[in-house]
Amino acid sequence: MFDPTTGPRIFVEPCGVDYAKGLVAGLMARAQDMPPEDFARVEIYVNTARMQRRIRAMFDAGPALLLPRIRLVTDLARDPISKDLPPAVAPLQRRLELAQLVAQLLESEPDLAPRAALYDLADSLASLMDEMQGEGVSPDAIAALDVSDQSGHWARAQKFLTIIAQFFDTTSQPDTEARQRLVIETLAARWTDAPPDHPVIVAGSTGSRGATALFMQAVAKLPQGAIVLPGYDTDLPAAVWSAMDDGLTHEDHPQYRFKRLMDLIGFAPDDVARWSDLAPQRPARNRLVSLSLRPAPVTSQWLQEGPDLGCLIAATEGLTLLEAASPRAEAEAIALRLRQAVQDGITAALISPDRMLTRQVTAALDRWDIKPDDSAGTPLQLSPPGRLLRHVADLFGTPLTGEALLTLLKHPLCHSADNDRGDHLRLTHDLELHLRRHGPPFPTAETLLTWAGDCADRQLWAEWVAGLISGHETAGDKHLTDHLDAHLTLAESFCAGPAMAGAGGLWAAAAGREAQRICTDLRIHAGSGGIMSPRDYDALFGKILSGGVVRDRDAGHPQILIWGTLEARVQGADLTILGGMNDGVWPEAPAPDPWLNRMMRAQAGLLLPERRVGLSAHDYQQAVAGREVWITRAKRSSDAETIPSRWINRLTNLLGGLPDQNGPEALRLMQARGAAWLAMAAKLSAPSAELPKAQRPAPCPPVAARPDAFSVTQIKILIRDPYAIYARKVLGLNPLNPLTPSADAPLRGVIIHGILEDFIRQNHAPDDLAALLDIAAQHFAAKCPWPTNRAQWMARFAQAAIAFCAAEVDRQALSDTRLVEQEGKLLIPGVGVTLTCKADRIDLTPEGTAILYDYKTGTMPTKPQQEKFDKQLLLEVAMVENGGFEAVGPVQVADAQFVSIKPDAKTVPAPMKDSPTDATMAGMIALLQHWQRADSGYTARYALFSKNDSGDYDHLSRFGEWDTSDPAQPEVLT
């Protein structure tokens, strides 16, 4: 296939050429005179499985012939080259072993890192070990680094790095990267004495990894060996090539990896040759982009070579720059262009490392029922099987909450063995309402069985659920194998349903098969996992599951493609959209390295953080060379202004600095093309007509439908927010309690009221602090199941109890009878409305009068607030004096006080002198008579204390479309 030569055989394909198509075209041109059997012996090594599939697909298109062997470079790690090289250790097994060693280190020295970081540390160590083995860097080289200026950090890091040293022992089973390098070294040694007599070609790789570069060196020395480099910049002058001699300053250039290969293999830019005759699609644009990407030390060449570019309007033909105001606007404009591509019958590809942007574009395309072919697929952990498996893993070792239980019961895979899930969903709905109304915060098997009662319809289902949730809270430390068995058995039982075998739909479809593959792989290597806690198992399983991806190649539209930057290197499309071109996205910000800084990496011979930037730059240079290209970005993210990608800045600055070549005009036309699509997308998303905003409501229901009973605490709501009374008492809409109750202020108030009720009811001595605290401990233990909040509340109450007992001595000295939690009701004359109440405490004095106390754990109402809004205590006084409490009778009230249950024991009296009972009753009659009028509207948020106060029915009144400055709009309802 190749003529004899004295130097390495290096071929290139320039930017703008479909690399896979050019590779096959060049191969067929050189194989015209080869016998079919010789052509079948050709070996082609490519760097990605996607490229391997595309080359095969191009051969499958015809004509018929014996195909060459197309292999992956990474497959060399599994090559059975010699009995002296044992098979590689499975990556999962090695990570489990590292996790055990890291766990032991953290147990002995817990200050090194938090336990929650265990598996992240193990993964990071495994990645570092893979890199060291691939680059041929030994632990001794790391230990010998000069760390005189960072000894503190280095001392901590070394304790972790000593863990991986044992895996570099030549007597141990090698890792995948180590074995790949060993295979390559063995092949290179063999080929020195006995080179293969058939062509060997390395195609598509830039040699950015050490082992791959070593393999390319070996192939370049073969008599029939060749390297075909992708995206080679044929416009880069020799002087620039020779100047790129320092990785610390030039690693981020798109062509630096090729310069490094030149130094390793021993060739110069003049030694390379074209592989195929395919011409770049936009040669003028290639020259422009090449000049814009010159290394920073030589950007002065812009002034020298810029005038040689010619008219830049022609060079930027087919190039669009779209700068949207937000990511949503960017996604909608991209989706609109992709939809146009479908209509035009062309192939369009969105290339972006920003997965949020690609998901937004996918959602926008759903408007036209277009599902793109996304090469990244869906993360397994976000698929239905992945979510269910994670939810089940969360059950072990923690108390079961109502939210966690209903999340599982409502999952589409739960009870999926039975085609009719109607009864299951109905019972789940009934259980949810029960848990919201009655609790408890942490349901148990007994909770479900009590809820089911004697109802035959519920009993079988409740027994099934109760059996599944029992005993997991107390799960302890055990081996990874046992954790996995219990986890998967429980997950399958949830999916099967009661009295059903199998696993329902858990392992069905593409997502289920991928989940089963990962679980099977974990089961095979679980023996290396050791003993762990349920929380550690949960973290480990989530980490492993996050590595799975669900792909369905047949589901996406064949013309609309979404690629990552790696997949885009070997593909071709009529329209290429480079999305998310902001710094930090493309190129991505380097990931933090907890072990070695940049200089230490350079000293050790490891890869620099700028390597990824250089590879991203190479991807950009290849992708921007297409026939029609869009460059898109959002000027602002969700929370801040964005910075354009450095490559956009370079391109726009170069264009803006060449007015004689029409650079500014070319840039304006690029931006105008993008602005036109943004305007169309904005118009498409805008409502067809201006929708009228809701008016501030004030419904006027029929008098017969209006409430005829109020509690004294509801009078405050009636005055401040009448609409809430309308929604609750007229419409019958009661807010649902949260599914997972929290330790909030209302619950604390209820508990403290119960404590004081028992203390007074049991007739303890007023200064018996020990009895009060004992009652408090019992109430908090029974009603506050959150240990941390329980301890905090008990500590706070203990301080308040001292002041309460001191004041209680004086209170009890004034009375001889104390009544607690007394229920009362009073029919308001003339309006037919009943006032109800549950008084915290009524003390009866020897003089035949009453003293009212109302306990407050929150803010105390002021005197003006009591007179105008918070009339609770004044109304209780009126009810007592008018005989509203049967156990008390009509008696004169001597005093009424709000009592603060805080360390200050503050009291606030009711303004009885300024608001006597007669005035209170007259005001109440007037208020209630107002609501008996047919034209009286229940105005929303009529007189709230603060405009920032929220109500349970703000969403129903559509608050936000109107504000409190808007006049109410009474509406008579019939």
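List the pairs whose first member sits in region 52-63 and is under 18 Å from I201 (Cβ atoms), whose second member is in a loop (DSSP other than H, G, I, E, B) and of a type in the set (S, T, Y), and whose Cβ atoms are under 9 Å apart, counting only residues at least 6 apart or on separate chains?
none
For E432, state whether it is out of contact with any Ser or Thr (no Cβ under 9 Å at 6 or more places or on another chain) and touching a residue at least 60 places away in the same chain (Cβ under 8 Å).
Taking the combined requirement at face value, the residue satisfies it.
Quick one: which of A813, A850 is under 14 Å from G884 (Cβ atoms) and of a type in the set (G, A, S)? Let's see the steps before the verdict.
Working: A813 fails: under 14 Å from G884 (Cβ atoms).
Of the residues listed, the single one that is under 14 Å from G884 (Cβ atoms) and of a type in the set (G, A, S) is A850.
Determine whether A349 is in contact with a Ser or Thr (Cβ under 6 Å, 6 or more places away or on another chain) and crowded, with 22+ Cβ neighbours inside 10 Å.
Numbers: in contact with a Ser or Thr (Cβ under 6 Å, 6 or more places away or on another chain): yes; crowded, with 22+ Cβ neighbours inside 10 Å: yes.
In short, yes.
If you scan region 901-928, which residues turn out to be within 55 Å of the chain's Cα centre (by Cα) and at pLDDT 90 or above?
I901, K902, P903, K906, T907, V908, P909, A910, P911, M924, L927, L928 - these are the residues of region 901-928 that are within 55 Å of the chain's Cα centre (by Cα) and at pLDDT 90 or above.
Is it fair to say Q104 is exposed (fewer than 14 other Cβ atoms within 10 Å of the Cβ) and not aromatic (F, W, Y)?
Values: exposed (fewer than 14 other Cβ atoms within 10 Å of the Cβ): yes; not aromatic (F, W, Y): yes.
Answer is yes for this residue.
Residues are listed down the side, and each one gets a yes or a no for (1) without any contact (Cβ under 8 Å) to a residue 60 or more places away in the chain; (2) over 19 Å from L684 (Cα atoms); (3) acidic (D, E):
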position	(1), (2), (3)
A329	no, no, no
T347	no, yes, no
P353	no, yes, no
T358	no, yes, no
A364	yes, no, no
R367	yes, no, no
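If you go through region 396-409 one residue at a time, do you hit one that is modelled with pLDDT under 90, among the acidic types (D, E) and assigned to a helix (DSSP H, G or I)?
To start, the set of residues in region 396-409 that are modelled with pLDDT under 90 comprises none.
Within region 396-409, not a single residue is modelled with pLDDT under 90, among the acidic types (D, E) and assigned to a helix (DSSP H, G or I).
State which residue is farthest from the chain's Cα centre (by Cα) when the search covers only region 81-133 and only residues that are farther than 12 Å from I164 by Cα and among the hydroxyl-bearing types (S, T, Y).
If we take residues in region 81-133 being farther than 12 Å from I164 by Cα and among the hydroxyl-bearing types (S, T, Y), then S82 is farthest from the chain's Cα centre (by Cα).
Give me the helices (runs of 4 or more DSSP H) completely within region 419-518, filtered to those with at least 1 residues that are touching a His at 6+ places or on another chain (Cβ under 8 Å), modelled with pLDDT of 90 or more and over 30 Å from L733 (Cα atoms), ordered by residue number.
Here the list reads 480-496.
Name the single residue, out of those in region 938-965 being of a type in the set (D, E, K, R) and surrounded by fewer than 14 Cβ atoms within 10 Å (Cβ to Cβ), that is nearest to I715 (Cα to Cα).
Our first condition is that a residue be of a type in the set (D, E, K, R); within region 938-965, this holds for 941, 947, 949, 952, 954, 958, 961, 963.
Narrowing the set further to residues that are surrounded by fewer than 14 Cβ atoms within 10 Å (Cβ to Cβ) leaves 947, 949, 961, 963.
On the way: K947: 20, D949: 18, E961: 27, D963: 23 Å.
The residue in question is D949.
Before we move on, is E847 within 30 Å of V703 (Cβ to Cβ) and not assigned by TED's automatic domain parsing to the domain that holds L756? I'd like the intermediate steps shown before the answer.
Details: within 30 Å of V703 (Cβ to Cβ): no; not assigned by TED's automatic domain parsing to the domain that holds L756: yes.
Spelling it out, it is not the case that E847 is within 30 Å of V703 (Cβ to Cβ) and not assigned by TED's automatic domain parsing to the domain that holds L756.
Can you tell me which residue is farthest from Y19 (Cα to Cα) among those in region 245-291 that are part of a helix (DSSP H, G or I) and hydroxyl-bearing (S, T, Y)? Please lay out each step first, then the result.
If we filter region 245-291 for residues that are part of a helix (DSSP H, G or I), which is where we start, we get 247-250, 256-266, 269-271, 283-291.
Of the ones still in play, those that are also hydroxyl-bearing (S, T, Y) are 249, 256, 290.
Details: T249: 29, Y256: 19, S290: 18 Å.
Step by step, filter region 245-291, then rank; the result is T249.
Is it true that L608 is buried (at least 20 other Cβ atoms within 10 Å of the Cβ) and not β-branched (V, I, T)?
no
Looking only at region 533-577, which residues are over 24 Å from R513 (Cβ atoms) and either in the same structural domain as R387 (by TED's automatic domain parsing) or in a loop (DSSP other than H, G, I, E, B) (or both)?
S533, P534, R535, D536, A539, R569, V570, Q571, G572, A573, D574
Looking only at region 42-51, decide whether some residue is over 41 Å from the mean Cα position of the chain (by Cα) and closer than 21 Å to Q621 by Cα.
Of the residues in region 42-51, the ones over 41 Å from the mean Cα position of the chain (by Cα) are 42-43.
With the extra rule that they be closer than 21 Å to Q621 by Cα, the set shrinks to none.
No, because not a single residue in region 42-51 is over 41 Å from the mean Cα position of the chain (by Cα) and closer than 21 Å to Q621 by Cα.
Which of the residues belonging to region 659-685 are touching a Leu at 6+ places or on another chain (Cβ under 6 Å) and either within 17 Å of C311 (Cα to Cα) or free of Cβ contacts under 8 Å to residues at least 24 places away in the same chain (or both)?
Once the filter is applied, which keeps residues that are touching a Leu at 6+ places or on another chain (Cβ under 6 Å) and either within 17 Å of C311 (Cα to Cα) or free of Cβ contacts under 8 Å to residues at least 24 places away in the same chain (or both), region 659-685 yields Q661, N662, G663, A666, L667, M670.
Quick test for you: out of T347, T358, T320, T362, pick the one residue that is at pLDDT 95 or above, among the hydroxyl-bearing types (S, T, Y) and assigned by TED's automatic domain parsing to the domain that holds L667.
On the way: T347 fails: at pLDDT 95 or above; T358 fails: at pLDDT 95 or above; T362 fails: at pLDDT 95 or above.
After ruling out the rest, the residue left standing is T320.
Would you say V342 is touching a His at 6+ places or on another chain (Cβ under 8 Å), surrounded by fewer than 24 Cβ atoms within 10 Å (Cβ to Cβ), part of a helix (DSSP H, G or I) and of a type in the set (A, V, I, L, M)? Reasoning before the result, please.
Working: touching a His at 6+ places or on another chain (Cβ under 8 Å): yes; surrounded by fewer than 24 Cβ atoms within 10 Å (Cβ to Cβ): yes; part of a helix (DSSP H, G or I): yes; of a type in the set (A, V, I, L, M): yes.
Yes; evaluated as a whole, the condition is true for this residue.
Suppose we keep only residues that are in contact with a strand residue (DSSP E or B) (Cβ under 8 Å, 6 or more places away or on another chain) and over 19 Å from A333 (Cα atoms) within region 571-585. Which one would you say is surrounded by the fewest Cβ atoms within 10 Å (Cβ to Cβ)?
Let us first name the residues in region 571-585 that are in contact with a strand residue (DSSP E or B) (Cβ under 8 Å, 6 or more places away or on another chain), namely 571, 573-583.
Next, from what is left, pick out any that are over 19 Å from A333 (Cα atoms): 571, 583.
Details: Q571: 21, D583: 17.
The qualifying residue surrounded by the fewest Cβ atoms within 10 Å (Cβ to Cβ) is D583.
The values are calculated or read from the model by the stated rules, or taken from the named source; none is laboratory data. Everything quoted here is computed from the prediction, not taken from an experiment. Here Cβ is always computed from backbone atoms with ideal geometry, including for glycine, and neighbour counts include all displayed protein chains.
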